[in-house]
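> Below is one structure. I have some questions about it.
The values are calculated or read from the model by the stated rules, or taken from the named source; none is laboratory data. Bear in mind that the values here come from a model prediction, so they are computed numbers and not experimental data. All Cβ positions, glycine included, derive from the backbone under ideal geometry; neighbour counts span all protein chains shown.
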Amino acid sequence: MLMFAVLLQAATPQSAATYLTCTLRGDTPMNVQFNEANNTATYSFTLGGIDRTYTVPAAFSVDRVTFNSFTVSRIDLTFERDNAKLYDLGGMARVDHGQCVKAAAKRAF
């Protein structure tokens, strides 16, 4: 009976993609899509007038999702960027903090 329950749980489909809009203090909003079934995050933003979109591996845990240098809390949607790998900070804050909100996917189909 236990074997059947484990097989049934494994066959349960993953939830649909999650769409968020995330902003770090003073930065342009970033659109984020999480696909837990594929362990990926797709994020897009505009920098210097150029739209940029990246799909990268993501680590999903019970309370957070981490991708590249970003972390989103699954509890309260706080958003963080760890700059340690990006810059020689020389006394500046190593982590930028922000917030995400759920974004409704606007689709025609």
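> Select from segment 79-105 the residues that are more than 15 Å from residue 34 (Cα to Cα) and not in a loop (DSSP other than H, G, I, E, B) and write down the one among them that is modelled with the lowest pLDDT.
95
> Going through segment 40-61 one residue at a time, which ones are farther than 19 Å from residue 102 by Cβ and β-branched (Val, Ile, Thr)?
Selection gives 46, 50, 53, 55, 56.
> Go through segment 31-72 and count every residue that is outside any strand (DSSP E or B) and touching a Leu at 6+ places or on another chain (Cβ under 8 Å).
Matching residues across segment 31-72 total 1.
> Same structure again: Residue under question is residue 36, and the condition is that it be without any contact (Cβ under 8 Å) to a residue 60 or more places away in the chain and within 12 Å of residue 98 (Cα to Cα); does it hold?
no
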